[in-house]
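First the structure, in the form of structure tokens, and then the observations on it.
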Amino acid sequence: EKANERRSLIRIEIEIFHTMDDKRMNNNDKKEKNEKANERRSLIRIEIEIFHTMDDKRMNNNDKKEKNEEKEIEYFSFWNRLPRDIINVIFSLLNRQDRNNARSVCSEWKKSRPFEFANFAKKGNTNDLIIMQSLPFLLHLTSISLSGLLFISNQSIKCISQHPSSTQLLSLNLSYCKSLNQECFGYFAAFKNLQRLNLKEFSGTVTPLQYENLFQLVSGLEYLNLAYTNINDPIVARMKILVQLKELNLWGCSNITDTSLKHLSNNNPLLNHLSCRLTSISDYGLNFISRMKQLIELDISCLIPLVIESYNIYTITTYLLRILVSEMDNMDLLTFMIEQ
């Protein structure tokens, strides 16, 4: 009985000890958990504070940028409301030095440029009235393109010739202008410094004498395009006036024969680009081309067949082409695309 009592007491003591130990362990766990939670809260607070400080800096920077942008908008609001064409017109009124100084003010002004080139061909409904209303604002024109405008007449050429910048005009494109005729040539006297002239598909019936008068008015031409016009050998003979001529396009001029090549080889020593595509030159004419030692580019492709002794033959033979190439030492590019 005494042994049993002792065992029961020992068991009770052990149970009490375990219960006390469990309470201590629970208290320690709670403390550890609380400490970890406090550490997490402190880290979160630090992160929040860092975030707020960074956010404040960003807000300050954004505010500064917005204020600067507002100031710029207020300063340039007047110029930003102006169309680009108006700014370009204003720049056209400045001389070169003032224009360069103005372009260094801001990026918007740097993009602006004076109207040195007027391409009225982009306006599909362009007529004489539109051109006459536009030209007074364009004081520094050096190039004008009227290509493909079917409704303009000689009056537009007259208006351009009376423009203050007509003497500094370097390039004039009148290709596909079906309403123009030879009377407009009389206004070319104002274009004293003209270097490039495009009369492709000029529909007027022009005599050799009228062409000669034209060549005298623009004797400084370096580029001339007469493709698909009614010019012939006598007109080409009168090109001896154009001593500065370097590029000539006779594409599709079926009246051009070997005689024209003879005139060009004798009278135009600076000619280095020549296109005789779809003309009526023959093997004999290639002998004159071979004398043009200054040629850089030559196009004699798709030549019109001639009837010789009842046989349709192409006007260029392989043999003469080889002779032509061997005799022309300075030629860099040959566009012989002969189609059969």
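Quick notes on this structure:
- Cα-based equivalent ellipsoid, region 211-310: semi-axes from gyration tensor eigenvalues, Å: 22, 15, 12
- Inter-label distance, Asn26 to Ser153: 11.3 nm, where each label sits 7 Å from its Cα along the C-beta direction.
- The packing ranking of peptides 187-198, 272-283, 45-56, highest mean first, is 272-283, 187-198, 45-56, where packing means the average number of other beta carbon atoms within 10 angstrom of each residue.
- Here the gap between Ser254 and Arg96, fully extended at 0.36 nm per residue and compared with their Cα-Cα distance, gives a gain of 52.3 nm.
- Separation of the Asn181 and Arg6 label points, Cα + 7 Å toward Cβ, nm: 14.9
- 3J(HN,Hα) couplings calculated from phi for region 170-180 with the Karplus curve 6.51 cos²θ - 1.76 cosθ + 1.60 (θ = phi - 60°) are, in sequence order, 10, 9, 9, 10, 10, 5, 6, 8, 6, 8, 7 Hz; Gly and Pro show x.
- Under Stokes-Einstein, with the Kirkwood radius over Cα pairs as Rh, the value for region 1-52 at 37 °C and 0.692 mPa s is 228 µm²/s.
- Under Karplus coefficients 6.51, -1.76 and 1.60, residue-wise ³J(HN,Hα) of region 242-253 in Hz, glycine/proline x: 7, 6, 8, 5, 10, 10, 9, 10, 10, 4, x, 8
- Placing pseudo-labels 7 Å out from each Cα toward the beta carbon at Ala37 and Leu170 gives an inter-label distance of 8.5 nm.
Every read-out reported here was derived from the displayed coordinates using simple, explicitly stated rules and does not represent laboratory data. Everything numeric here is computed off the predicted structure, so don't read it as measured data. Neighbour counts run over all protein chains shown; Cβ positions are idealised from the backbone, glycine included.
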